[in-house]
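To start, I am sharing the structure in question, which I have written as structure tokens.
The values are calculated or read from the model by the stated rules, or taken from the named source; none is laboratory data. Since the model is a prediction, treat every value here as computed from it, not as a measurement. Positions of Cβ are generated from backbone atoms using ideal geometry, with glycine treated the same way; all protein chains shown enter the neighbour counts.
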Amino acid sequence: MSAVKISIIGAGSAIFSLRLVGDLCKTKGLSGSLVSLMDIDEKRLNAVHELAKRYAAELGADIKFEKTTNMKRSLEDADFVINTALVGGHEQQEAIRRVGEKHGYYRGIDSQEFNMVSDYYTLTNYNQLKYFLDVARNMEKLCPNAWLLQAANPVFEGTTLISRQTNIKVVGFCHGHYGVNRIAETIGLPLEEVDWQVAGFNHNIWLTRFIYKGKDAYPHIDRWIEDKAKEWKPTTPFDDQMSPAAIDMYRFYGKFPVGDTVRNGSWKYHYDLETKKKWFGEPWGGADSEVGWAWYQEELQKATKKTFSLAADKSVRLSKEFPPNKMSGEQHVGFMDALINDNRGRFVDNIPNEGEIIPGIPEDVVVEVPVIVDKKGIHPEKIDPPISERIMKMYLLPRRLRMEWALDAFITGDKRILHEMLVRDPRTRSFEQVEAVVDEILSLPFNREMKEHYGGKK
């Protein structure tokens, strides 16, 4: 057993934090560890701290907890830092989106081709990216040997930025690759008998290898499409792995999009609500329509209320709410256990493309690929077969350019880069429209520092 200190930044994200706590309580190799819960929202922080202590006690787990609103205090002497913080929360993101829609940008200016996920902001994310760097740079001073597990979006831009600007060991996490489970389940293949790989960028991964009993399993997908795809209906706005959009992308690119990649296609699927409904199903039109996202926001509110209710009612046994014998599916705790205790495991991680894991992508760009993790570190698998030329040229390279543009704007503070990105947006009708939307977003009260960064007056 190896006790470590784990700092969770943004621990007020209750559901996510409690999943991590549950996994820690069930991982014997990390017994004796200290979990430092950090958030600036004291009400949320107190609720999560209370639930974490009670859940550990119920399971008889030797895990200690502390809480703080001070990021530096939480980072001191940490072995692992999990950053799940969303600066300003969804409220600020929605305020930015409303300004965008006012100026003619349906679903806001951050909804961009190959990057349509509704809280994956890349153009107006100055506050978020700056906080990412603040965490990493404070780690260089307070816990320079710690691992930073980046969970907050945008993972692609964030992990690439941190790996370029600091010396911190950073790895990004997402659960989009579980779309492979959904594919196998839908077409009737036992996942444990499937040999699979995914590769690409965060929210931009493709099923590059899919083999069942030594044979190509893609024909199983083809038969399902031919026989049963017409019967498909979404169960929630996020149920899109086998949607018409996913099938259409497969037909064009030759490989199946996995997880949030389905949400991140071209404008073909996203012009307006009716278009979204056509490709992602009724009644929501996918998670990123105004209808689907409203559903998600409502579910978040319900989850938050439930968290406060559970924290207040100490008679409730949390093991009934969070199964004591089942891991959450999040990869973070398994990753830590593999590194610390040599419990070798396979993960899908976001890491720099060092050694050209994906040929044709620069080594300082973060890629999402399967890896083996043990006490010696992270060992990326060879991507075999390689990503196709069509996916590379028509999907990944355009998405990488958007990442580079966004980071260039963030680093240089050159507002003209934001302008030029929007000039290329099909919703733009004039340069005056571009200037007006950017200026109004910069003038939002919570964007004061961003406005100064981009040359505005105090």
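Could you pull out the residue among THR208, THR186 that is at pLDDT 95 or above and either surrounded by fewer than 21 Cβ atoms within 10 Å (Cβ to Cβ) or not in a strand (DSSP E or B) (or both)?
THR186
Over 27 Å from ALA136 (Cα atoms), in the same structural domain as LYS320 (by TED's automatic domain parsing) and touching a Pro at 6+ places or on another chain (Cβ under 8 Å), is that true of LYS26?
Here the answer is yes, as LYS26 does meet what is asked.
Moving on. Could you tell me whether any residue of the range 116-131 is in a loop (DSSP other than H, G, I, E, B), over 23 Å from the mean Cα position of the chain (by Cα) and either modelled with pLDDT under 95 or surrounded by 19 or more Cβ atoms within 10 Å (Cβ to Cβ) (or both)?
Within the range 116-131 (the criterion being in a loop (DSSP other than H, G, I, E, B), over 23 Å from the mean Cα position of the chain (by Cα) and either modelled with pLDDT under 95 or surrounded by 19 or more Cβ atoms within 10 Å (Cβ to Cβ) (or both)), the answer is no, since none of the residues qualifies.
Those residues that are hydrophobic (A, V, I, L, M, F, W, C), buried (at least 17 other Cβ atoms within 10 Å of the Cβ) and part of a helix (DSSP H, G or I), I need them from the range 230-253; list them, please.
ALA245, ALA246, ILE247, MET249
Considering the range 254-278 alone, what residues qualify as being of a type in the set (A, V, I, L, M, F, W, C) and buried (at least 22 other Cβ atoms within 10 Å of the Cβ)?
PHE256, VAL258, VAL262 - these are the residues of the range 254-278 that are of a type in the set (A, V, I, L, M, F, W, C) and buried (at least 22 other Cβ atoms within 10 Å of the Cβ).
Separate question: Considering only the range 150-167, I want to know if a residue exists there that is part of a helix (DSSP H, G or I), under 20 Å from THR84 (Cβ atoms) and either among the aromatic types (Phe, Trp, Tyr) or in the same structural domain as MET249 (by TED's automatic domain parsing) (or both).
The answer is yes; a qualifying residue exists.
So which residues in the range 32-75 are polar (S, T, N, Q), over 16 Å from THR307 (Cα atoms) and either modelled with pLDDT under 95 or in contact with a Lys or Arg (Cβ under 8 Å, 6 or more places away or on another chain) (or both), if there are any at all?
Within the range 32-75, SER33, SER36 qualify.
Go through the range 281-330 and count every residue that is of a type in the set (S, T, N, Q) and either over 30 Å from SER111 (Cβ atoms) or without any contact (Cβ under 8 Å) to a residue 24 or more places away in the chain (or both).
Matching residues across the range 281-330 total 5.
Here's a follow-up. Counting just the residues of the range 83-93 that are touching a residue at least 12 places away in the same chain (Cβ under 8 Å) and more than 15 Å from the chain's Cα centre (by Cα), which one comes out surrounded by the most Cβ atoms within 10 Å (Cβ to Cβ)?
Result: GLN93.
Here is a follow-up. Just to be sure I understand, how many residues within the range 342-383 are of a type outside the set (A, V, I, L, M), in contact with a helix residue (DSSP H, G or I) (Cβ under 8 Å, 6 or more places away or on another chain) and outside any strand (DSSP E or B)?
Total satisfying the criteria: 5.
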